[in-house]
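None of the figures in this text is laboratory data; all of them are computed from the coordinates on show. Keep in mind it's a predicted model, so treat the numbers as computed, not measured. Counting neighbours? That spans all protein chains shown, and the Cβs are built from the backbone with ideal geometry, glycine included.
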Amino acid sequence: MKIAQFQKFGKPKEVIACVEAGEPGDPDADEVLIEIDAFPINPADLLTLSGNYACRPRLPATLGAEAVGRVVAAGSKVNNVSIGDAVIPLGRDNWVQRKKEKASRVIKLPEMDTFQAAMLKVNPATAWFMLSDHVELAEGDMLIQNAANSGVGLNLIALAESRGVKTINIVRRSDVIPLIKEEYGASEVLINGPDIIDQVADIVGDGILKLGIDAIGGDSTRILARCVEQDGIVVNYGLLAGKPCSIDPHDLVFRGVTLTGFWLSRVIEKIESEALENIYQELGALVNKGTLRVPVEKTYPLERIKIAVEHAGRPRRDGKILVLPNG
Ligand SMILES: NC(=O)c1ccc[n+]([C@@H]2O[C@H](COP(=O)([O-])OP(=O)(O)OC[C@H]3O[C@@H](n4cnc5c(N)ncnc54)[C@H](OP(=O)(O)O)[C@@H]3O)[C@@H](O)[C@H]2O)c1
C-alpha cells in the first residue's frame with residue numbers, strides 16, 4: 001500500500017513523498033483496520049513537516065492530523081463500531097491508504113458527506129470548544145475573530161450565528177466577503193487595515209464584546225486585545241504570522257484583558273470518550289443540516305501528495321485541499 005512519508009524536516013513540498021509500505025495486517029482483538037477515504041491538508045500538517053509543530057515525530061514518519069475512513073476489519077473484542085462504518089481515527093498518522101487503530105480511538109460518524117467528514121475532527125471541534133469554553137455567550141453578545149475565511153473561522157461563524165451570537169470578522173482580502181456574509185451569515189466583515197480598531201469600536205457601540213479569537217499571533221493579537229471589552233478574553237489558537245503574540249500592557253494591566261491559548265489535542269486527550277462522541281454526533285448533524293460546511297478547492301490522489309502539499313500552502317485559496325488515498 002501507499003503512504004505519505006517524510007525522512008527529514010524542511011520545506012513541506014520538498015520533504016513529503018508518496019512511498020510503498022507494507023500492509024498493516026490483521027487487527028488485534030481491540031483494533032480496527034480502516035481504509036482511508038479522504039484527508040485534508042491543514043496548516044498543522046505543514047508545520048509538522050517543517051518541524052515547527054508542537055510534536056516532532058521520530059523520522060521517518062507519516063503524519064496527518066485527521067481523516068475519514070471506513071472500517072474494513074474488526075478484532076473479536078470490538079463492539080463500538082462494525083465493518084462498513086465511517087469513522088474518524090483520533091491518531092495523527094492518517095496520510096495512508098490503510099491503518100490499524102485501537103477501536104477506543106475511533107469516532108463513529110453518522111451518514112454524511114465524505115469530504116465534510118474528513119474535515120470534522122479538527123476545525124469544527126476547535127470552533128465548538130473555543131465558543132463554549134472561555135466565556136458565557138448569550139444571544140445578542142458579540143465575538144471578534146481574525147482569519148475569518150479559514151476553515152476554523154467559517155465553522156466559528158456558523159456555530160456562533162446559529163446560537164444568536166454576532167460575529168465581527170477580520171479578513172485580509174475583500175473577495176471573501178460575499179462568502180462570509182451571505183453564505184455563512186456573518187454579522188460584520190472587515191478588511192484588516194490601520195483603522196481596524198476604530199471600525200470595530202463603531203460596530204460594537206454600547207454592545208458587549210467579550211471574546212477575541214486569534215489565529216494569527218504577532219500584532220493581530222494586540223488588535224483583538226484592544227477591541228475586546230474590559231476583562232475580556234483573547235484566545236490564541238494559531239501561529240499563522242509565525243511571530244509571538246503581541247499585547248499592550250495597557251490592555252493587560254489597566255483593562256484586565258486575559259490572553260490564553262487553545263489546542264484541540266489537549267482537550268481531546270482530557271475529555272471523556274462518551275462526551276467526545278456526543279460532540280462529534282452533534283457536529284455531524286450540523287453538517288447534515290447544512291449549518292456547518294467548508295468549501296473544498298481541489299482534491300488530489302495520494303501519489304500527488306507533493307503538489308497537494310504545495311497547493312495547501314498557498315495563500316488566497318477558496319477552500320481546503322483534500323487527498324483521496326484510495327481514489
Ligand atoms: N489550536 C488548535 O487546536 C487548532 C485547531 C485547528 C486549526 N488551528 C490553526 O488555525 C489556523 C487556521 O487553520 P485552518 O485549517 O482553519 O486554515 P485554512 O482553512 O487552511 O485557511 C488558512 C487561513 O489562514 C489565513 N492566513 C494564512 N496566513 C496568514 C497570515 N500571515 N495572516 C493572516 N491570515 C493568514 C488565510 O487567509 P487567505 O485566504 O487570505 O490566504 C486563510 O484564511 C491555523 O493556524 C491552524 O494551525 C489550530
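Before moving on, here are some points about what is shown:
- Restricted to region 228-246, and to residues there that are surrounded by 19 or more Cβ atoms within 10 Å (Cβ to Cβ) and more than 16 Å from the ligand (Cβ to nearest atom), the residue that is farthest from residue 209 (Cα to Cα) is 232.
- Matching entry among 86, 61 (being away from the ligand (no atom under 16 Å from the Cβ), surrounded by fewer than 20 Cβ atoms within 10 Å (Cβ to Cβ) and of a type in the set (Gly, Ala, Ser)): 61
- Close pairs (9 angstrom Cβ cut-off, 6 or more residues apart or separate chains): surrounded by 13 or more Cβ atoms within 10 Å (Cβ to Cβ) in region 195-213, hydroxyl-bearing (Ser, Thr, Tyr) and not in a strand (DSSP E or B) anywhere: 203/187; 212/221; 213/237
- Only one entry in 266, 317 is within 14 Å of the ligand (Cβ to nearest atom) and touching a residue at least 12 places away in the same chain (Cβ under 8 Å), namely 317.
- With respect to (1) surrounded by 14 or more Cβ atoms within 10 Å (Cβ to Cβ); (2) within 30 Å of residue 79 (Cβ to Cβ); (3) hydrophobic (A, V, I, L, M, F, W, C), the lone exception for residue 47 is condition (2).
- Filtered by the rule that a residue be touching a residue at least 60 places away in the same chain (Cβ under 8 Å) and either assigned to a loop (DSSP other than H, G, I, E, B) or more than 19 Å from residue 166 (Cβ to Cβ) (or both), region 214-231 gives 215, 216, 220, 228.
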